[in-house]
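Heads up: the structure comes next, in structure tokens.
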Amino acid sequence: MIEFQGVSKWFGALKVIKNISATVDKGTTIVLCGPSGSGKSTLVRTVNRLEPIQEGTITVGGTDIHAKSVNVNTLRTGIGFVFQQFNLFPHLSVVDNVMLPLRRLRQQSRKEALPTALLMLERVGLADKANSLPADISGGQSQRVAIARSLILKPEVLILDEPTSALDPEMVGEVLKLLRQLSGEGITMMCVTHEMGFAREVADRIWFLKSGELTFDAKPELFFSSETHPDVRGFLSAIQ
Ligand code: ADP
Ligand code: MG
């Protein structure tokens with residue numbers, strides 16, 4: 001579904017992604033982890049062209065997404081993206097936030113978009129909050145709204161960059177529960193997270209980045225075993 005081939009990226013003179021080659025199979029969940037500043041956000045942002053790359057290719061469903069001929073809006077329709085800070089529009093109700101992509105990218109009227117948005121809210125367990133404003137719901141609920149919005153165009157790929165890092169501890173569980181559910185429904189997912197319990201349980205593969213290099217790409221059993229990469233062992237003992 002997603003293939004990185006010799007991908008490198010620089011910010012000015014600083015090389016932040018170093019010759020990464022890796023594959024994400026259709027319907028699988030990849031968890032990305034690694035120290036702060038190792039390039040996790042930059043790497044996932046290259047997949048929907050929030051960041052350009054200087055070397056290599058990234059294909060999504062066979063399309064070279066950094067090719068000039070690719071329309072960014074069309075690309076992003078097929079790739080949902082969820083940020084650490086939910087980025088909801090404060091002046092719009094929950095259901096209006098969720099339907100925004102239908103209105104902007106599918107030119108649907110509010111009336112046309114409403115049933116789809118309400119169904120999506122039901123799916124994330126927030127139908128009763130449809131008319132609330134973002135300020136009146138919790139952080140965990142806000143992130144579930146942001147996830148609903150990212151899914152409304154039925155993307156084949158969902159990318160999440162530390163979706164639980166901005167949440168109070170008691171709200172992390174509800175978001176991970178939703179992600180676990182989505183992962184089981186066949187969407188292809190790349191999730192940057194340090195929630196290692198989630199990674200162990202849900203990831204098909206775990207990628208470990210260090211200074212822009214993909215140091216280790218393994219199944220959870222190996223990743224968490226005594227046979228793991230020494231850098232991973234160091235990282236795991238530092239965060240636990
Ligand atoms: P992570 O998400 O793993 O913490 P990032 O991808 O945010 O890492 O950052 C990787 C490296 O790129 C860091 O050295 C960071 O300082 C640098 N970086 C990130 N964004 C920019 C930017 N817009 N301009 C310059 N340097 C950046
Ligand atoms: Mg980051």
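Taking the residues in the stretch 64-91 that are closer than 20 Å to Gly139 by Cα and away from ligand 1 (no atom under 16 Å from the Cβ) as candidates, determine which candidate is farthest from the chain's Cα centre (by Cα).
Kept after step one, since they are closer than 20 Å to Gly139 by Cα, are these residues of the stretch 64-91: 80-91.
With away from ligand 1 (no atom under 16 Å from the Cβ) added as a condition, the list becomes 80, 86-91.
Details: Gly80: 7, Phe86: 12, Asn87: 14, Leu88: 16, Phe89: 19, Pro90: 22, His91: 25 Å.
Here the answer is His91.
Of the numbered conditions (1) touching a helix residue (DSSP H, G or I) at 6+ places or on another chain (Cβ under 7 Å); (2) under 30 Å from Lys9 (Cβ atoms), Pro90 satisfies every one except a single condition; which is it? Here Pro90 clears every test but (2).
Listed here are the residues, each with its yes/no results for (1) closer than 22 Å to Ile79 by Cβ; (2) in contact with a Leu (Cβ under 7 Å, 6 or more places away or on another chain); (3) touching a residue at least 12 places away in the same chain (Cβ under 8 Å).
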{"site": "Trp10", "(1), (2), (3)": "no, no, yes"}
{"site": "Ile20", "(1), (2), (3)": "yes, yes, yes"}
{"site": "Thr29", "(1), (2), (3)": "yes, no, yes"}
{"site": "Cys33", "(1), (2), (3)": "yes, no, yes"}
{"site": "Arg45", "(1), (2), (3)": "yes, no, yes"}
{"site": "Leu50", "(1), (2), (3)": "yes, no, yes"}
{"site": "Gln54", "(1), (2), (3)": "yes, no, yes"}
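For the stretch 204-240, the tally of residues that are closer than 24 Å to Ile53 by Cβ and not charged (D, E, K, R) stands at 9.
Considering the stretch 191-232, the residues that are of a type in the set (Lys, Arg) and more than 16 Å from ligand 1 (Cβ to nearest atom) include one that is surrounded by the most Cβ atoms within 10 Å (Cβ to Cβ), namely Arg205. The listed residues are Ala67, Ala127, Ala146, and the only one of them that is farther than 22 Å from Ile187 by Cβ and of a type in the set (A, V, I, L, M, F, W, C) turns out to be Ala67.
Can you find a residue that is acidic (Asp, Glu) and within 20 Å of the chain's Cα centre (by Cα) anywhere in the stretch 92-101? No: zero hits.
Residue-wise test of (1) farther than 22 Å from Ser142 by Cβ; (2) among the aliphatic types (A, V, I, L, M).
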{"position": "Gln181", "(1), (2)": "no, no"}
{"position": "Gly184", "(1), (2)": "yes, no"}
{"position": "Met190", "(1), (2)": "no, yes"}
{"position": "Arg205", "(1), (2)": "yes, no"}
{"position": "Ser211", "(1), (2)": "yes, no"}
{"position": "Thr215", "(1), (2)": "yes, no"}
{"position": "Gly234", "(1), (2)": "yes, no"}
{"position": "Ser237", "(1), (2)": "yes, no"}
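Within the stretch 37-73, the set of residues being among the hydroxyl-bearing types (Ser, Thr, Tyr) and surrounded by 14 or more Cβ atoms within 10 Å (Cβ to Cβ) comprises Ser38, Ser41, Thr42, Thr46, Thr57, Thr59, Thr63. The set of residues in the stretch 193-207 that are farther than 17 Å from Ser237 by Cα and either without any contact (Cβ under 8 Å) to a residue 40 or more places away in the chain or among the hydroxyl-bearing types (Ser, Thr, Tyr) (or both) contains only Glu201.
Identify, from the list Gly56, Gly61, the residue that is modelled with pLDDT under 95, touching a Gly at 6+ places or on another chain (Cβ under 8 Å) and either away from ligand 2 (no atom under 16 Å from the Cβ) or among the hydroxyl-bearing types (Ser, Thr, Tyr) (or both). After ruling out the rest, the residue left standing is Gly61.
The values are calculated or read from the model by the stated rules, or taken from the named source; none is laboratory data. Note that the structure is predicted; figures quoted are calculated from it, not measured. Cβ coordinates were reconstructed from backbone atoms using ideal geometry, including for glycine residues, and neighbour counts include every protein chain displayed.
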